[in-house]
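Since every read-out is calculated from the coordinates, none of them should be taken as a lab result. Predicted model, so just to flag it, every value in this text is computed and none were measured. All Cβ positions, glycine included, derive from the backbone under ideal geometry; neighbour counts span all protein chains shown.
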Amino acid sequence: MIKYIRKFIYKLPKMEIQKVEPLVLFKRVNHCIEVMLNRPKKLNCLNLEMVKLISAQIPKWNKDEGIKAVIFRGAGPKSFCAGGDMAKIL
């Protein structure tokens, strides 16, 4: 039985562990919030999950008297944000 299990295990394809990056990164710098859209391969197109992540933070920012500005940036060298992710909608 053990020999059979060992043969079975060795025949299984090796699974790769993929590092999952957050879609939106938030960072406070002094009196500013920096929001980094983090989908450079998709030109930082917004999807529903990203909108929900950002929307969840807005009430917190409104309550914090110390926040004077929210700055949006796009990850990668090509684009700030190409708009909504139409591939997810269609």
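Quick check on packing: order 38-51, 65-78 by the mean number of other C-beta atoms within 10 Å, highest mean leading.
Working: 38-51: 16.4, 65-78: 12.4.
The most tightly packed comes first, giving 38-51, 65-78.
Could you tell me which of the pairs Lys19/Lys42; Lys52/Lys78; Lys41/Lys63 are separated by over 27 angstrom between their Cα atoms in the structure shown? Intermediate results must be reported in sequence, preceding the final value.
Details: Lys19/Lys42 17 Å; Lys52/Lys78 24 Å; Lys41/Lys63 34 Å.
Over 27 Å Cα-Cα: Lys41/Lys63.
Whole-Hz Karplus ³J(HN,Hα) for region 41-47, in order, using 6.51 cos²θ - 1.76 cosθ + 1.60 and θ = phi - 60°, x for Gly and Pro?
For region 41-47, the Karplus-derived couplings read 5, 9, 6, 6, 4, 6, 10 Hz, x marking Gly and Pro.
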